[in-house]
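Note sheet for the following structure.
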Amino acid sequence: MASNSDILTECDKVFLTSLLHILKKHLPREIRSYNTIYNYWYHYDKINENRANLRSDRWNFQFYRHRYDIMCNEEHLDLVKGIVQKKCDGWILLPVENIMWISKEKVDKLELNVTLPSDVRVAPLNSDKHSEIIADHWYYKSENTFYLVKESIEFNGGLGIFRRGSNGQPICWLATNEFFTPGFLYTIESERRKGFAKYLLAAELKRLCIQHGLDMYSYVSNGNANSLKLHEQLGFEAVNRLTWLEKTTS
């Protein structure tokens, strides 16, 4: 139990609901915060009832607030950068990423107009069968990536494109992560330039919007021209930017 002297207090589901109401007034700019908190709110009971069994640190998370409701906005990013560079040994600032937003109305109008070959099918991902191949191909792979992928599929699901004779493994895939955004998108090299990634991203957006009725977003690096083009073709717009802090030493 928290003592009266604790600076932070855990956010319960009631507080999270009130926070979602506040953030909703600031969409689409705050789409990242809104969907991330919504993801935790939606899975609140499942996460907390199974916390001891979660293996990914990125799914085993909780939200805390300052006891006196102090908040910091993204306008202070330059200030944070300066503090990190001067005071925080072992931390680096990663490249800036765009927060790409698409409204649920646009998602509803998306057409799955790629004709898939007759020997290809789209099916839900299986966390036991497909987590390893997804983790092995993720650009940001780390020691705990396998469990991040596995628990993302178990909590939020994902889709794969499967070709007959591919030993039950997908040739293109994506899963919705702990930020409640489609991630891990990848097409194996021999199957690229066939429209699979665009088809799958549109299909996953439609699946999520039917289930949750939310606007959606994605993280896209400034340097990833192909991904930016793909998202813009589907109707995404850049509404905000962020940078990640990464700890490099213990």
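The values are calculated or read from the model by the stated rules, or taken from the named source; none is laboratory data. The model shown is predicted, which means the values in this text are computed figures rather than measured ones. Methodologically, a virtual Cβ is constructed for each residue, glycine included, from the backbone with ideal geometry; neighbour enumeration extends over all protein chains shown. Protein only, heavy atoms only, side chains kept; ligands, DNA and RNA dropped before computing areas. Shrake-Rupley method; radii C 1.70, N 1.55, O 1.52, S 1.80 Å.
Annotations for the structure displayed:
- Scoring 178-184, 125-131, 226-232 by mean Cβ neighbours within 10 Å over their residues and listing the highest first yields 178-184, 125-131, 226-232.
- The HN-Hα couplings worked out from phi for region 196-213 by the Karplus form 6.51 cos²θ - 1.76 cosθ + 1.60 (θ = phi - 60°) are 5, 5, 4, 4, 5, 5, 5, 5, 5, 4, 5, 4, 5, 5, 5, 6, 10, x Hz, whole numbers, x standing for Gly and Pro.
- Percentage relative contact order, region 95-247, counting C-alpha pairs under 8 Å, at least six apart: 38
- Using alpha-carbon coordinates, inclination of helix 225-234 to the longest axis of the chain, degrees: 80
- With Cα atoms, 0 to 90° folded angle of helix 145-156 axis to the chain main axis: 80
- The chain - Rg (one decimal) and Dmax (whole number), Cα, Å: 19.2, 64
- Simple label model, 7 Å out from Cα along Cβ direction - Arg121 to Asn144, nm: 3.6
- Accessible area (Å², per residue) of region 95-247, counting only protein heavy atoms and a probe of 1.4 Å: 50
- Nonlocal amide H pairs with Phe63, under 5 Å, H built at 1.01 Å: Cys11
- Cα coordinate range in region 114-250, projected on the principal axes (Å, largest first): 46, 35, 30
- Per-residue HN-Hα couplings for region 98-115 [Karplus 6.51, -1.76, 1.60; θ = phi - 60°; Hz; x = Gly/Pro]: 8, 9, 9, 10, 9, 6, 5, 5, 5, 4, 4, 8, 4, 10, 8, 9, 8, 7
- Modelled this way, with points 7 Å down the Cα-to-C-beta line, the labels at His26 and Asn224 are 2.5 nm from one another.
- For Leu174, distant residues with modelled amide H under 5 Å away: Leu159
- Summarising the amide proton neighbourhood of Asn50: residues at separation of 5 or more, or on other chains, whose placed amide H is nearer than 5 Å comprise an empty set.
- Inter-label distance, Asp89 to Asp12: 4.3 nm, where each label sits 7 Å from its Cα along the C-beta direction.
- For region 95-247, the dipole from Cβ point charges (+1 on Lys and Arg, -1 on Asp and Glu) about the Cα centre works out to 460 debye, to the nearest 20.
- What the Cβ-Cβ distance of Arg164 and Trp244 gives, at R0 = 41 Å and to the nearest 0.05, is a FRET efficiency of 0.55.
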